[in-house]
Every structure is written in structure tokens, then in C-alpha cells.
1. Hey, can you tell me all the residues within the range 104-120 that are closer than 18 Å to residue 189 by Cβ and β-branched (Val, Ile, Thr)?
2. Let me confirm something: among 118, 132, 124, which residue is over 22 Å from the mean Cα position of the chain (by Cα), at pLDDT 90 or above and of a type in the set (Asp, Glu)?
3. Name the residue that is surrounded by the most Cβ atoms within 10 Å (Cβ to Cβ), counting only residues in the range 74-88 that are assigned to a loop (DSSP other than H, G, I, E, B) and modelled with pLDDT of 75 or more.
4. Which pairs have Cβ atoms under 7 Å, sit 6 or more apart or on different chains, and link a residue in the range 184-213 that is within 14 Å of residue 231 (Cα to Cα) and charged (D, E, K, R) to one that is at pLDDT 90 or above and part of a helix (DSSP H, G or I)?
5. Please specify each residue of the range 184-206 satisfying the condition of being assigned to a helix (DSSP H, G or I) and surrounded by fewer than 18 Cβ atoms within 10 Å (Cβ to Cβ).
6. Go through the residues of the range 127-142 one by one and say whether even a single one is assigned by TED's automatic domain parsing to the domain that holds residue 193, outside any helix (DSSP H, G or I) and in contact (Cβ under 8 Å) with a residue 60 or more places away in the chain.
7. Inspect all residues belonging to the range 222-239 and state whether any of them is over 20 Å from residue 165 (Cβ atoms) and assigned by TED's automatic domain parsing to the domain that holds residue 138.
8. Kindly evaluate residue 52 against the criterion of being under 20 Å from residue 29 (Cβ atoms), touching a strand residue (DSSP E or B) at 6+ places or on another chain (Cβ under 7 Å) and outside any helix (DSSP H, G or I).
Amino acid sequence: MSDARHEPWEPVRKVRTYEQVMAQIEQRISDGYLKPGDRLPSEREFSQLLEVSRPSLREALRVLQALGIVDVRAGAGREGGSVFVGHPGSGFADLLRLQLALGHFSDTDVLQTRLALEVWVAAEAARQATGEDITKLTGVLDRMDDPELSARAFNHLDAEFHVTIAESAGNSLSAHFMGSLRTAIERRMVDAYEQLDDWRLTARTVRKEHRDILAAIERRDAEAAVALVRAHITTFYADTYGLGRAAGPRTDTLQP
């Protein structure tokens, strides 16, 4: 029999009231009792059901709203109250952007994550992209050809191109993660372009590489799409951030 005196003990954690409220809501979501479009009881009724103060309840709802889980609407009746959203919100992108700003993740971390994700979605897009997807991607690239674009506008379209590839891969989670990642690094990308001696020269290369990637996807050549995306990303990071190509993971092992 083990001696309890020598077993490791864990500190007792004091859980705040609003965290308990969130835990109950999370459990009901996990159990399938709450789904997108469902409405929580009124603040007065809900606080009575939970036997918590209204300020504690409001704090829980504010956190859930910031995470993009609920939409808290002012007013009474059918127009007001807290409703579970039916689409992913920006909460993850906002959190990731703050984490990056605080230096919790390096440029190498971002590079490796982008490579792992974008190599996979490029291969899947080459297999699954529809005619509508190709048309949408072509439209993005046509807009990138505008010579009057600013560095910020060009980067926004650059992100849209990569996110659209992820969307055409048929995996909504990877598409949302790609969108969140690009949103989080937008400021870094714009700064990188603006610090170049001639960002339009780099943009010309980027546009050409984008066209080559789209062509590979359109002809259903997954292997070529993977190779082109890998080279596209690693070359940009090497030229712009000074990161060696060896910084990336062995993405050949990630190919489906």
C-alpha cells in the first residue's frame, strides 16, 4: 500500500464563478444540448437558474462573445439575448495575433506551421478543387495584377489566395485555421513588404508563383502543387526574413 504522505499533491484551484458558468455551457455544447442558433435564457432567468449573480453571468457571456461562441444582442424579446453563432468567429485569430505580438512564437515557428498546413491543402486542392474554386482563385490573381495596389492591399489578396486554396481542399477546419493564421500575421507580412527595397519586384515574383500553383491545381497535379507551394513559401521567408530553407519541416513526409 502506498503512503499518501509521499504521493504528489496538487494545489486546490479556486474556480471563479464565471468559469463555472462557462464550464456548464461548454458541457452542454459537448453533450449536444446546445447548438448554433440556440438562445440562452434571459439574463434574469439564467442567473436564477444557475444561482449566480448577474455580474458573474455577464462576465461569462463577455468571454464567450470574445471567443466568438455567442452573439450577445441588446434588447428584449426575440431580438435580444445570447445566441450561439452558426459559424467560426475571429476569436482564435485575435488570440493568435496577440500571442505572436508578445513573441510567444518565432518566425521559424510560423514558417514551419505554414509549410505543414499549406503543403497538405495544396495536395488536397489539386484533387478536389471544383470549377467554381478555380474561377474564384483566378479572380483573386487577376485582382493582384492591378499595378495601383498598395503593399497592404496586395498582401490582403495574397492571403485570400492561400485561404481560398485551403477552402477548396474540402476541410473547413484547415480553412479556418489558415484564415486565422494569415489574419494573425498580416501586420508582419505588410511590414516585411514595406521594408523591401522594391516590394513590387517581389510582388511580381509572387504573382508568377501563384499562377504556377494554380495551374498545377487546375491540372490535378498534386505532386507539382506541393513542390511549388513549398518553394514559394520557403523562398519568401528566406529572402524576406533571412530564414534558411532548412528551417522547414520535412514536408515530403506530410504528403498524403
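1. Those that are closer than 18 Å to residue 189 by Cβ and β-branched (Val, Ile, Thr): 108, 110, 113.
2. Working: 118 fails: over 22 Å from the mean Cα position of the chain (by Cα); 124 fails: over 22 Å from the mean Cα position of the chain (by Cα).
The match here is 132.
3. Just the residues of the range 74-88 that are assigned to a loop (DSSP other than H, G, I, E, B), to begin with: 74-76, 80, 85-88.
Remaining after also requiring modelled with pLDDT of 75 or more: 85-88.
On the way: 85: 15, 86: 10, 87: 8, 88: 17.
So the residue we want is 88.
4. Final answer for the pair search is 207/141; 207/144; 209/228; 209/232; 211/141; 212/228.
5. So in the range 184-206, the residues assigned to a helix (DSSP H, G or I) come out as 184, 186-194, 199-206.
Selection gives 186, 187, 188, 191, 194, 200, 201, 204, 205.
6. At the first step, the residues of the range 127-142 found to be assigned by TED's automatic domain parsing to the domain that holds residue 193 are 127-142.
From what is left, the residues that are outside any helix (DSSP H, G or I) are 129-130.
Going one step further and asking which of them are in contact (Cβ under 8 Å) with a residue 60 or more places away in the chain, we end up with 129.
Yes, the conditions are met somewhere in the range 127-142.
7. Our first condition is that a residue be over 20 Å from residue 165 (Cβ atoms); within the range 222-239, this holds for 238-239.
In the following step, the residues that additionally are assigned by TED's automatic domain parsing to the domain that holds residue 138 were identified as 238-239.
There is at least one residue in the range 222-239 that is over 20 Å from residue 165 (Cβ atoms) and assigned by TED's automatic domain parsing to the domain that holds residue 138.
8. Details: under 20 Å from residue 29 (Cβ atoms): yes; touching a strand residue (DSSP E or B) at 6+ places or on another chain (Cβ under 7 Å): no; outside any helix (DSSP H, G or I): yes.
So residue 52 fails the test.
The values are calculated or read from the model by the stated rules, or taken from the named source; none is laboratory data. These figures come from a predicted structure and were not determined experimentally. Neighbour counts are summed over all protein chains in view; Cβ atoms, including those assigned to glycine, are modelled from backbone coordinates with ideal geometry.
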